[in-house]
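Student: Quick one: the structure is below, questions incoming.
The numbers here are math on the coordinates, done by the rules we state, and not lab data. These figures come from a predicted structure and were not determined experimentally. Cβ sites come from the backbone with ideal geometry, for glycine too, and all protein chains shown count toward neighbours.
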Amino acid sequence: MGAVKRNGLALAFGVLFAGTLIAQAFVGLHDFNADQLAHHGDPITLWRYVRSSEFAVDVLENWQSEYLQFTLFILGTVWLIQRGSPESKEPGKEGRESEEEQKIGARAEPESPKWAKVGGLRTFLFSNSLLLVMGTIWLWAWLGQSIAGHVAYNDERFEHQQDALSYFAYLGTPDFWNRTLQNWQSEFLAVGSMAVLAIYLRQRGSPESKPVGAAHASTGVEG
Amino acid sequence: MHRLALALVVLALAGCGRADDERAVSAVTERFLSAVDEGEGEIACAQLTPATAEALEATRPCAEAVTDLDVSPGQVTRAQVYSISAKVDVGAGASYFLELTRAGWRISAAGCTPETRGAPFDCEAEA
């Protein structure tokens, strides 16, 4: 029970993710089969649908934008300041900060992770591991979106007796960029609005908020 | 490194599945073309989707109408499969669009030739 309580945030969102992904599969299947009927086609099974490019592109276009959001937010908050926001560092602390502030190498503490202490390539990689992993997942998910999207797009073209496009031609289509940009705009809106709204609004008990009694001008404090 | 290897295995397996589909759609198209060429209307109609066969039955049974289609037999030069749709190009210059139905791959549009670039093909028979 202790482990569940200590990992409540990850578990709760893991369950929410699994539940909504399963729900998306069922709803997506019904939507796909409605389109099949409209084109005089046969409905497909759930098992076929979850292995289809149509389902894959609908999932991956959202995953890639989420990881882009985190990648840019992590990167941006190294150098950019938002006065009054709990999402920002305090003015004057822009940049990668000192080894003492970051507890690296000789400035590491006994309980610091090993790769924070050892120096060299390992410390460099560990120092940038969050950005590297988020950025890598974003790129792979975007690549996956493009591949699945290309297949789903040409499936649609064949349904209308049109010729298929090559993968590289697909990368220049409005379909690819519509899927990409509709997701990007919402991610950037979410991060921007969180950074600004949290200057003036509070949520008692959440580390995403400043303490209820904190001044609007106080930056980089959490509740 | 393990993730990359897994991704490559998945891609390879997907490639195998697609090769099977390419063979299947080629076989359906060839079966259709030889049936039309030999006047076997019932066999030819059995290679069509129900909607396409029904579209041919405007004035007479599919088995009669299908043998009058202006389609020429030929070797399959290219088969492309994307999800549950496919296109087969035949040596005579025509293309055939197929769909994966409950009964397997079936031709949804036959004897198709390209019109203006990007526009739908003009087909002898379609749903």
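Student: Loop only by DSSP, 10 or fewer other Cβ within 10 Å of the Cβ. Give me the trypsin sites (Lys or Arg not before Pro) in the range A:173-223 that pass, ordered by residue number.
Tutor: A:204
Student: Calculate one ³J(HN,Hα) per residue across the range A:138-144 by plugging θ = phi - 60° into the Karplus curve 6.51 cos²θ - 1.76 cosθ + 1.60, and present them in order as whole Hz with x for glycine and proline.
Tutor: 4, 5, 5, 5, 5, 4, x
Student: How much FRET efficiency would the formula 1/(1 + (r/R0)^6) give for residue A:99 and residue A:221, where r is the Cβ-Cβ distance and R0 is 25 Å, rounded to 0.05? If you can, show how the numbers build up before the last one.
Tutor: On the way: r = 24 Å, r/R0 = 0.95.
Once rounded, the FRET efficiency stands at 0.55.
Student: Another question, then. Do any trypsin sites (Lys or Arg not before Pro) in the range B:55-127 lie in a loop, going by DSSP, with at most 13 other beta-carbon atoms within 10 Å of their beta carbon, and if so which?
Tutor: Working: sites: B:78, B:87, B:102, B:106, B:117; in loops: B:102, B:117.
Here the trypsin sites (Lys or Arg not before Pro) that fit, given the DSSP loop and packing criteria, are B:102, B:117.
Student: Just to be sure I understand: if I project the alpha-carbon convex hull of the protein assembly as shown onto a plane and average over all orientations, what area do I get in nm²?
Tutor: Computed as one quarter of the Cα hull surface, the answer is 24.1 nm².
Student: Averaged over peptide B:94-104, how many Cβ atoms belonging to another chain are found within 10 Å of each residue's Cβ?
Tutor: The shielding value for this peptide is 3.
Student: Just counting partner chain Cβ atoms within 10 Å, what average do the residues of peptide B:57-69 show around their Cβ? Walk me through the intermediate numbers first.
Tutor: Numbers: counts 0, 0, 0, 0, 0, 0, 0, 0, 0, 0, 0, 0, 0.
The per-residue average across the peptide is 0.
Student: Looking at the square roots a ≥ b ≥ c of the eigenvalues of the Cα gyration tensor of the range B:35-95, which shape do they give, rounded for a/c under 1.5, prolate if a/b is larger than b/c, or oblate?
Tutor: Details: a/c = 2.45, a/b = 1.42, b/c = 1.73.
Oblate is the answer for the range B:35-95, as a/c is 1.5 or above yet b/c matches or exceeds a/b.
Student: Identify which of B:53, B:103, B:19 has the largest mean-square fluctuation in a Gaussian network model of chain B, with springs joining Cα atoms closer than 10 Å.
Tutor: It is B:103.
Student: Helix B:2-37: angle to the longest alpha-carbon principal axis of chain B, degrees 0 to 90, nearest 10?
Tutor: Relative to chain B, helix B:2-37 is tipped by roughly 10 degrees.
Student: Where does helix A:53-79 land angle-wise versus the long Cα axis of chain A, in degrees 0 to 90, nearest 10?
Tutor: Value to nearest ten degrees: 20.
Student: Summarise the partner chain shielding of A:146-158 as one whole number: the mean count of Cβ atoms from other chains within 10 Å of each residue's Cβ.
Tutor: Going residue by residue through A:146-158 and averaging, the value is 4.
Student: Using a Cα-Cα cut-off of under 18 Å, which aspartates and glutamates could be cross-linked to residue A:89, ignoring same-chain neighbours fewer than 8 residues away?
Tutor: Counting by Cα, and skipping residues close in sequence, residue A:89 has these aspartates and glutamates nearby: A:97, A:99, A:100, A:101, A:208, A:222.
Student: Can you tell me how much longer the chain between residue A:16 and residue A:181 gets when fully stretched, taken as 0.36 nm per residue apart minus their C-alpha distance, in nm with one decimal?
Tutor: 56.9 nm
Student: Let's test the formula: R0 of 35 Å, r as the Cβ-Cβ distance of residue B:54 and residue A:168. What FRET efficiency results, to the nearest 0.05?
Tutor: 0.35
Student: Once you treat every alpha carbon in the range A:50-176 as an equal point and sum by Debye, what is log10 I(q)/I(0) at q = 0.13, 0.15, 0.16, 0.21 Å⁻¹?
Tutor: With no solvent term, the Cα-only Debye profile gives -0.72, -0.82, -0.87, -1.15.
Student: Which GluC sites (Glu not before Pro) in the range B:44-127 sit in a loop by DSSP (not H, G, I, E or B) and have at most 16 other Cβ atoms within 10 Å of their own Cβ?
Tutor: Sites meeting the loop and neighbour criteria: B:57, B:115.
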